[in-house]
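This is the structure, below, for whatever I ask next.
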């Protein structure tokens, strides 16, 4: 089977608008979670989130901005980074063999909310003419295809919190089966609008703001965890058929060698140990790997009571006794839950861990939970590690479980 | 201020253009104002000129001057229209 090289990485995320800045802050244990500014802070019970320091006006002209929801703005900048990092010149490629896969849960949430506000709150007919084009969930993927002339497959996956993990996995599959040579794959989410936050609050699944330190409110695996914290951002990777990458002299970050996809069918939100276990096993099987090969797990680790306990149990099923010694960390403790973009962001982080031999910590794990008793790399990053294979989990409302595996390029 | 100058001010603000770019014969599409952009501009024209534009979607507005003529045709009759009596004597 054809192999998939990861040749470019790009992020616009809480804690960093490029991979270096993000990773440096993660290793330092800094948190991008904060109290949201007014007016959000005045109307929400738990006004916390993980925003990105990003102004679209610095990247796009005024006419362009009219057509781009924030989600697409974030994505276009992150994708451009990945392309630059890969030193890809699409003019030199067969563009019908290049495609795009994007994962997003909400698409253009800000545009959608503005439109409803115009119609229902202002009782006006003046909905912006670009609303549909900016809000539609495939807008981001479409603009990437247009901007770079990529006329191969152009797909958008929306499977809630696993959307962009699915996007990466499906992109890799297309390269493996020979349809394409290059795929731009990633995810984007810009959910920090009042309506979206209010809807999530209604589910009682968001973290309670820590009164002393809002930045510590997301506590994966801790006994004191109270829920997840929403974040915004985008992350993209350039994926290439291995020989194609080698032939053009590309620098290969790692190999995307495993992808497991299963579904929990028991409940619309409640995760299942069986589903998560199966997804991890499927990823290992697709990579031809034994669980003993995994050196680090970037957990889904949302900070909800249910996910963290179930994921811990699933890790024990997969790894057996070794589950207690494989380092597992949730970087959501620092960058929040980017929903549709989470899978891609965390995979980029996992690949960077591979390259640098550093495992970022799970922060704010000050009080252990008896049901969560693994090595979560609490409080401090580990450096100087020999990492050859990493596994990244993404488990979603609706039940789509997606697991990705990356292996070091150095072994080839 | 003339209709042309007022329209130019709108486009300068919304599209970050210069007055020199907005000569009467300048092509709107070349300035980044596409068909959807025109629809959005209609809202601002209504507000700025105090007129109500018809619901039809004019397709012959290709240059800055085309829009000026369009506005002027609508402004004159709407300003001259007699007040409709609200009560009979």
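For segment A:59-196, what is Rg from Cα atoms divided by 2.2 N^0.38 Å, rounded to two decimals?
1.11
Defining a contact as two alpha carbons under 8 Å apart and six or more residues distant in sequence, what relative contact order in percent does chain A show?
Relative contact order, chain A: 23 percent.
Can you compute the label reach from residue B:35? Point 7 Å from Cα along the Cβ direction, backbone N cut-off under 17 Å, restricted to segment A:124-144.
A:129-134
Counting only helical runs of four or more DSSP H residues, what would the 222 nm mean residue ellipticity of chain A come to if each run contributes -39,500 (n - 2.57) and the total is spread over all its residues?
-9500 deg cm²/dmol
Take residue A:124 and residue B:62, extend 7 Å from each Cα along the Cα→Cβ direction, and tell me the distance between the two endpoints in nm.
Placing both labels 7 Å along Cα→Cβ, they lie 3.3 nm apart.
Sticking with this one: For the protein assembly as shown, report the translational diffusion coefficient in µm²/s to the nearest whole number, using Stokes-Einstein at 37 °C, 0.692 mPa s, and a Kirkwood Rh over Cα pairs.
Working: Rh = 24.1 Å.
Once the numbers are plugged in, D ends up at 136 µm²/s.
Based on the mean of other Cβ atoms within 10 Å per residue, sort peptides A:345-352, A:1-8 so the most packed one is first.
A:345-352, A:1-8
Using only the alpha carbons of segment A:10-95, what is the convex hull's orientation-averaged projected area in square nanometres?
Computing the convex hull of the Cα atoms and averaging its projections yields 7.9 nm².
Using R₀ = 25 Å, calculate the FRET efficiency as 1/(1 + (r/R₀)^6) where r is the Cβ-Cβ separation of residue A:322 and residue A:28; round to 0.05. Intermediate results must be reported in sequence, preceding the final value.
Numbers: r = 29 Å, r/R0 = 1.15.
For R0 = 25 Å, the calculated efficiency reads 0.30.
Please provide three numbers in whole Å: the alpha-carbon extents of segment A:77-145 along the principal axes, with the largest listed first.
51, 20, 17
Give me the distance between the Cα centres of segment A:234-272 and segment A:313-333, rounded to whole Å.
So the two Cα centres are separated by 20 Å.
Using Cα centres only, tell me the gap between segment A:110-156 and segment A:179-210 in whole Å.
One Cα centre to the other: 17 Å.
Give or take rounding to whole Å, what are the principal axis extents of the alpha carbon atoms in segment A:250-308, in descending order?
Projected onto the principal axes, the Cα atoms of segment A:250-308 cover 43, 23, 23 Å.
Can you tell me how segment A:319-412 classifies by the Cα gyration tensor, rounded, prolate or oblate, using a/c under 1.5 as the rounded cut?
Cα axes put segment A:319-412 in the rounded bin.
What FRET efficiency comes out for the pair residue A:194/residue B:21, r = Cβ-Cβ distance, R0 = 45 Å, nearest 0.05? Could you put the intermediate results ahead of the total?
On the way: r = 38 Å, r/R0 = 0.84.
It comes out at approximately 0.75.
Using label points projected 7 Å from each Cα along Cα→Cβ, tell me how many nm separate residue A:117 and residue A:371, to one decimal.
Between residue A:117 and residue A:371, the simple spin-label model gives 3.9 nm.
Subtract the Cα-Cα distance of residue A:265 and residue A:213 from 0.36 nm times their separation in residues, and report this length gain in nm to one decimal.
Numbers: separation 52, 0.36 × 52 = 18.72 nm, distance 3.77 nm.
So the extension gain works out to 14.9 nm.
Please give the contour-minus-distance gain from residue A:94 to residue A:378: 0.36 nm per residue of separation, less the Cα-Cα distance, rounded to one decimal in nm.
97.6 nm
Turning to a different aspect of this structure: Taking the Kirkwood radius as the inverse of the mean 1/r across Cα pairs, report the Rg/Rh of segment A:245-367.
Values: Rg = 15.2 Å, Rh = 15.6 Å.
My calculation puts Rg/Rh at 0.97.
Run the quick spin-label model on residue A:61 and residue A:356: label points 7 Å from Cα toward the beta carbon, then report their separation in nm to one decimal.
Here the answer is 3.7 nm between the modelled labels.
No lab work stands behind these numbers, since they all come straight from the coordinates. The shown structure was predicted, so the numbers you read here are calculated from the model rather than taken from an experiment. A quick note on method: Cβ atoms are made from the backbone with ideal geometry, for glycine too, and the neighbour counts reach across all protein chains shown.
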